[in-house]
1. Which is more than 21 Å from residue 155 (Cα to Cα) and either in contact (Cβ under 8 Å) with a residue 60 or more places away in the chain or surrounded by fewer than 18 Cβ atoms within 10 Å (Cβ to Cβ) (or both), of 95, 106?
2. Go through the residues of region 132-146 one by one and say whether even a single one is touching a helix residue (DSSP H, G or I) at 6+ places or on another chain (Cβ under 8 Å) and more than 30 Å from residue 32 (Cα to Cα).
3. I'm checking my understanding of the structure. Among residues of region 71-92 that are free of Cβ contacts under 8 Å to residues at least 40 places away in the same chain and out of contact with any helix residue (DSSP H, G or I) (no Cβ under 7 Å at 6 or more places or on another chain), which one is surrounded by the most Cβ atoms within 10 Å (Cβ to Cβ)?
4. Any chance region 57-66 includes a residue that's without any contact (Cβ under 8 Å) to a residue 12 or more places away in the chain, under 17 Å from residue 35 (Cα atoms) and surrounded by fewer than 22 Cβ atoms within 10 Å (Cβ to Cβ)?
């Protein structure tokens with residue numbers, strides 16, 4: 001059990017502030033950044049759509065759109081979950097930058113799946129090529145912002161003296 005201040009006055013599962021959400025008792029009432037919770041909230045939506053699409057492809061034995069299925073699962077499920085995990089652990093990361101990553105990646109993933117499926121179905125001359133290119137740059141922009149976020153946290157930790165935590169841990 002984590003020793004720390006009692007959280008009896010705070011309601012669990014409620015917003016602690018604009019930036020955090022207090023979790024249930026199984027997590028000892030820890031607070032998670034709201035942006036992390038949103039990354040975790042949308043990731044299952046993407047993977048459920050991707051899984052449903054995969055089941056449909058398997059049932060019809062038509063795998064021509066497998067690249068669209070793979071992109072949705074990787075960008076929508078895996079990448080969102082990784083972003084959410086990083087921002088849950090690296091509290092010193094910029095909240096504004098985290099939300100920028102969230103919106104860029106969501107816009108990219110939501111546009112990429114249907115436009116890639118249409119380009120794969122109708123060829124490079126389809127009117128869906130431009131939305132596909134835009135979605136790729138949105139996802140790339142999200143990843144570039146995330147990389148900047150990671151490196152910013154890394155530089156902050158490198159600047160801290162050895163043995164000194166940037167953020168106090170639960171044991172401290």
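1. Checking each option against the conditions leaves just 106.
2. Taking every residue of region 132-146 in turn, at least one turns out to be touching a helix residue (DSSP H, G or I) at 6+ places or on another chain (Cβ under 8 Å) and more than 30 Å from residue 32 (Cα to Cα).
3. Out of the qualifying residues, it is 74.
4. So in region 57-66, the residues without any contact (Cβ under 8 Å) to a residue 12 or more places away in the chain come out as 58-63, 66.
Narrowing the set further to residues that are under 17 Å from residue 35 (Cα atoms) leaves none.
Scanning region 57-66, I find no residue that is without any contact (Cβ under 8 Å) to a residue 12 or more places away in the chain, under 17 Å from residue 35 (Cα atoms) and surrounded by fewer than 22 Cβ atoms within 10 Å (Cβ to Cβ), so the answer is no.
Every read-out reported here was derived from the displayed coordinates using simple, explicitly stated rules and does not represent laboratory data. Here the structure is a predicted model, which means the values were calculated and not measured. Glycine gets a Cβ as well: all are built from the backbone with ideal geometry, and neighbour counts include every protein chain shown.
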